[in-house]
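Heads up, the thing below is written out as structure tokens.
Any read-out appearing in this document is the output of simple, stated calculations on the displayed coordinates, not a laboratory observation. Model, not experiment: these values are computed from the prediction. Please note: Cβ atoms are built from the backbone with ideal geometry, for glycine as well, and neighbour counts cover all protein chains shown.
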Amino acid sequence: MLQRTHARERSEAGLRAWALALGLGTATLAGCGTVKQTGSARTATEQILLTNAWDDAIQKVDFEPLAGRPVYLDTVNLNGQVDQGWIISSLRQSLLSQGARLRPKPEEAEVIVEASVGAYGTDSYNWLVGVQQMTVPATVAGLPSGTIPEIPLMKKTDQHAVAKLSLFAYERTSGELIWRSGTKLATSNAKDVYVGAVGPIQSGTIRPQNKKIGINVPIISDPFPTTVTGENPRPLKLTPVPAAEAGKSDIPAATMPIPPSASDLNSFKPDGQ
């Protein structure tokens, strides 16, 4: 009897040891990870909107009259401008690519080019079909108060960027005006649309395709397009329709388009896949 009691105690002690080891092992294997996320002072969308509008404005400037001339770019009017580095660098690149010979100092140049920015910023337009967010004050005791959240049936936000620039050039020694670009204006935009609980459906000049929460959404306005749009546009083939079948269709013979192939559905896949 005593031997059985000792055997049982040893068995229970062994089970407790195994349970403790299993618990320690589980605690060692279990864990959690964290990812630190930060936000920049300016959104990437705002920066792309502005720099895209600026790039479009610069492309309208013809620097060919300054080709072959030693030029100094005067950027004093650009000091303190948002995205100053991008603005100045893109101006230098445009001058060089069109044949001007940049000089680091004004006394080394024959021509001084002065640049100025008339507008460089964004505007936002919003409209809402539904209930706007509102605060109910506590006016009568016993009645509920607080904030009623926004309840949109349809909502749209449209952010625009505007860039306006002007340049002129004059002879360094004589001070005579020899060239001016005139005022160049360009815009870019980004749109977000919400329909009920669906959205945002994203579009705009800075986005190559319509997107919904990062997923490409092809939208075809023409029911019979001549091309399939996307990153690699390709012609939409037409197949002849037999004369016997032509009368059975409202579409004239030899003009019936082939439906988009299964590969066209790749536009629905998330970016990077």
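Things to note:
- The largest-to-smallest principal axis extents of the Cα set in the stretch 73-167 are 81, 26, 16 Å.
- Here the stretch 143-159 is scanned for amide nitrogen atoms under 17 Å from the site 7 Å beyond the Cα of residue 128 along Cα-to-Cβ, giving 146-159.
- Computed over the stretch 58-114, Cα set: Rg, Dmax in Å: 11.1, 31
- Applying 1/(1 + (r/R0)^6) with r as the Cβ-Cβ distance of residue 110 and residue 42 and R0 = 51 angstrom yields a FRET efficiency of 0.85.
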